[in-house]
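Here the structure is laid out as structure tokens; the discussion comes afterwards.
We did not get these values from a lab; they are worked out from the coordinates using the rules stated. Model, not experiment: these values are computed from the prediction. Here the Cβ is made from the backbone with ideal geometry for all residues, glycine too, and neighbour counts use every protein chain on show.
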Amino acid sequence: MLSPEIDESGSGLTPPFRVLFLQRAGNAAQMRIRPLLDLLRSQGHISGYAVVDRDMSISGDVAEHYDVVLAHRIPSSRQIAWLRRTSPRFAYDIDDLLLPAPGERLHGQRAIDAGSVAWCLANARCVSAPSLRLLATLETRLGAGFGERSRLIPNAGAEEPPPVKKFAKPRLLWTSSAALPASDDILSACQGIDAALRAIDTDIVLVGRFAPGVLDQFSRSEYLSWLAPELYRKLLAEGPFVGVRPLPMDLSPEMQTFIGCKSDIRAAEFGSNRIAAVYSAVPSYTESDLPCCIAPTNSAGDWQKSILAVAEGFPRGGNDLAEHPAFAARRPSTIALQFLNMLARARVAQERPVGFRALPTPRVFRNLERGFRSLRSRLSR
């Protein structure tokens, strides 16, 4: 892992530098990257950052030149073409296993996306991810180690725990950023979750994306397909919740490897907001440095028993959980300084600032392209 390159007492680098962020839409930008950049800017560690969208329109702190280029996940075709043409010493953050297994044959857009990810991993000056298992698996699939280019940047929780939550009947909370397969063991876990909420005489709030059939498993539920980041954080801070995070444990080896490389972001979010939760026994949580209540299996009985045990200690268990010292290391201000170290390495390698001139697609063609992407997304489901 990279060694620290800044004074973490708060003096930072002199002078602060400018960041050009090649952003793709999605949770990773809004929940993982942008809050860190906002903190670094507010604390004076960077003088600002501009955001380049997938169509190469630019917004934010626009300048003539930038000291650091940052990409993440799967750059768009225009973004990757600009990176190849300009050849900046860029930093790259990846939060999911987006490389295929050896020998797996991909076609169409999936093959193009995998090629872009592989190129970024091979050519980035620094590579960061929220999981050591993910970094190791990416190295294996790429067929090359990252060496000193590698950096673990965990997902952050709340900066400070919210006010202590008072006694009330808990609701259950399940948040999901991806519609993972509704495998038999997930449906079994859902049966246990529903049995628990019936025993407590409560309901479950589901936020995000879920596979067809999952929402039908619950006798009393509230479904929110999307929440703005600030509203989501308010929900976590104020809601009287017991969290649940069932993940599949009986998929094909390839899909199970994908699940195993996910981060412990829910544990960071839940615990730092005084929410005790139950998690599936997958590496994301069994290998986490954060305290996690693990359901031994995805059987209905194990999930029901685990939830009832956590609910019995509500709200004391969640209130106490937030004071665990492991959450201090997940404060956004702490993670932001780790992120700054990575950006600083890319900056040092960049011999001169990088210029960027936006050449956006005309609006009429952009609207046509967005319509085509939406149609392609619906057809590929």
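Could you tell me the calculated FRET efficiency between Ser57 and Ala179, based on Cβ-Cβ distance and R0 = 35 angstrom, to the nearest 0.05?
That pair, Ser57 with Ala179, gives E of 0.75.
Which value, to two decimals, describes the C-alpha radius of gyration of the range 171-326 once divided by 2.2 N^0.38 Å? Numbers along the way, then the final one.
Details: Rg = 14.3 Å, N = 156, 2.2 N^0.38 = 15.0 Å.
Taking N as the residue count of the range 171-326, the ratio is 0.95.
Can you check what the net charge comes to around Ile74, using other residues whose Cβ is under 9 Å from the Cβ of Ile74 (Lys, Arg +1; Asp, Glu -1)? Write down the numbers at each step before the final one.
Values: positive: Arg24, Arg73; negative: Asp113.
Net of charged neighbours comes to +1.
Take the Cα radius of gyration of the range 114-250 and divide it by 2.2 N^0.38 Å, with N its residue count; two decimals is plenty.
Against the empirical 2.2 N^0.38 Å value, I get 1.33 for the range 114-250.
Of the residues Ser219, Ser299, Ser252, which exhibits the maximal mean-square fluctuation in a Gaussian network model of the chain defined by a 10 Å Cα contact cut-off?
Checking each option, the largest mean-square fluctuation is seen for Ser252.
Under the Karplus relation 6.51 cos²θ - 1.76 cosθ + 1.60, θ = phi - 60°, what is the ordered set of whole-Hz ³J(HN,Hα) values for the range 29-42, x standing for Gly and Pro?
Result, ordered by residue: 5, 6, 9, 9, 8, 4, x, 5, 5, 4, 5, 4, 5, 5 Hz.
Quote to one decimal, in nm, the extra length available between Ser87 and Arg352 on full extension: 0.36 nm per residue of separation minus the C-alpha distance between them.
Numbers: separation 265, 0.36 × 265 = 95.40 nm, distance 1.18 nm.
Working it through step by step, the gained length comes to 94.2 nm.
Calculate the FRET efficiency for Ser77 and Arg105 from the Cβ-Cβ distance with a Förster distance of 22 Å, rounded to the nearest 0.05.
Computed FRET efficiency for Ser77 and Arg105: 0.60.
Under a 5 Å amide H to amide H cut-off, with H placed in plane at 1.01 Å, what residues pair with Gly243 once short-range neighbours are removed?
Leu173, Ala276, Ala277, Val278
Among Ile265, Ile204, Ile112, which one shows the highest mean-square fluctuation when the chain is modelled as a Gaussian network with alpha-carbon springs under 10 Å?
In this elastic network of the chain, the residue with the biggest mean-square fluctuation among Ile265, Ile204, Ile112 is Ile112.
Among (i) 23.9; (ii) 20.8; (iii) 22.0, find the value of Kirkwood radius over Cα pairs in Å that was calculated from the structure presented, and write down its label.
Correct label, based on the coordinates given: (iii).
So between Ser47 and His324, what do we pick up on full extension, going 0.36 nm a residue minus the alpha carbon distance? Before the final figure, lay out each step's value.
Numbers: separation 277, 0.36 × 277 = 99.72 nm, distance 3.38 nm.
Length gained between Ser47 and His324: 96.3 nm.
Can you pull the one-decimal nm distance between simple spin-label points at Thr140 and Asn123, each 7 Å off the Cα toward Cβ?
Going from the Thr140 label point to the Asn123 one covers 2.7 nm.
What is the fewest-to-most order of Phe167, Phe90, Phe241, Phe258 by other Cβ atoms lying within 10 Å of their Cβ?
Taking fewest neighbouring Cβ atoms as first place, the list is Phe167, Phe258, Phe90, Phe241.
Quote to one decimal, in nm, the extra length available between Glu160 and Ser333 on full extension: 0.36 nm per residue of separation minus the C-alpha distance between them. Don't jump to the answer; show the numbers that get you there.
Numbers: separation 173, 0.36 × 173 = 62.28 nm, distance 1.02 nm.
Stretched fully, the Glu160-Ser333 segment lengthens by 61.3 nm.
With each label point set 7 Å from Cα along the Cα-Cβ vector, what nm distance links His65 and Leu132?
Here the answer is 4.0 nm between the modelled labels.
Before anything else, pin down the relative contact order of the chain: Cα pairs under 8 Å, at least 6 apart, normalised by residue count, whole percent.
So the answer I get is 21 percent.
Among Gly318, Gly48, Gly108, which one moves the most in a GNM of the chain with springs linking Cα atoms closer than 10 Å?
It is Gly108.
So for Lys169, Lys305, Lys262, fewest C-beta neighbours within 10 Å to most, what's the order?
Values: Lys169 11, Lys305 17, Lys262 23.
Lowest count first: Lys169, Lys305, Lys262.
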